[in-house]
Amino acid sequence: MSKTSTVTGKTQQADDRRDASRRMFDVQVGVATDHRLFVGLVHNISAGGLFIASDATVRKGDKVEVRFSIPGSSHIFDKQATVCWTRPVDPDGSHRTRAGFGVRFESLSDEETKLLNAFLQVHDPIFFDL
């Protein structure tokens, strides 16, 4: 896996709606809904949830199962999550924003929370080529 710096080189800060700060990463994630399975990219991550870049159709309030691992760890996160918001495919084709959706984890173990927080504190925001 190779890594390159982010476009801005800045960490995305938490806003008033988030309980935890987020970092931008591109990591593959498997997503399962009641009706289908698909793969997306985790575009940013926190101990509270993920933004999954995908053109898949999900709705706010949908329950999904997400499966991913963070670079440098063998732990597989296999978590239930709730879709909190969605962003459709950019209708004008300018690609200024990524289509996708934000999810909030239903629960993380104390160990998983520590693992994510330790990872986020140590690593600068980076993109991983998969």
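The values are calculated or read from the model by the stated rules, or taken from the named source; none is laboratory data. These figures come from a predicted structure and were not determined experimentally. Positions of Cβ are generated from backbone atoms using ideal geometry, with glycine treated the same way; all protein chains shown enter the neighbour counts.
With respect to the conditions (1) within 13 Å of VAL42 (Cβ to Cβ); (2) surrounded by fewer than 17 Cβ atoms within 10 Å (Cβ to Cβ); (3) modelled with pLDDT under 90, PHE127 falls short on a single one, namely (2).
Residues in the stretch 92-124 that are at pLDDT 80 or above and β-branched (Val, Ile, Thr): VAL103, THR113.
Restricted to the stretch 35-88, and to residues there that are part of a loop (DSSP other than H, G, I, E, B) and polar (S, T, N, Q), the residue that is nearest to THR113 (Cα to Cα) is SER46. Among the residues here, ILE52 qualifies as within 9 Å of the chain's Cα centre (by Cα) and at pLDDT 90 or above. Pairing each residue of the stretch 38-58 that is charged (D, E, K, R) with any residue that is surrounded by fewer than 20 Cβ atoms within 10 Å (Cβ to Cβ) and modelled with pLDDT of 85 or more, provided the two are 6+ apart or on different chains, yields C-beta distances under 8 Å for ASP55/ALA99. When you check ASP78 against the structure, is it over 15 Å from the mean Cα position of the chain (by Cα) and modelled with pLDDT of 95 or more, yes or no? Against the criterion (over 15 Å from the mean Cα position of the chain (by Cα) and modelled with pLDDT of 95 or more), ASP78 does not qualify.
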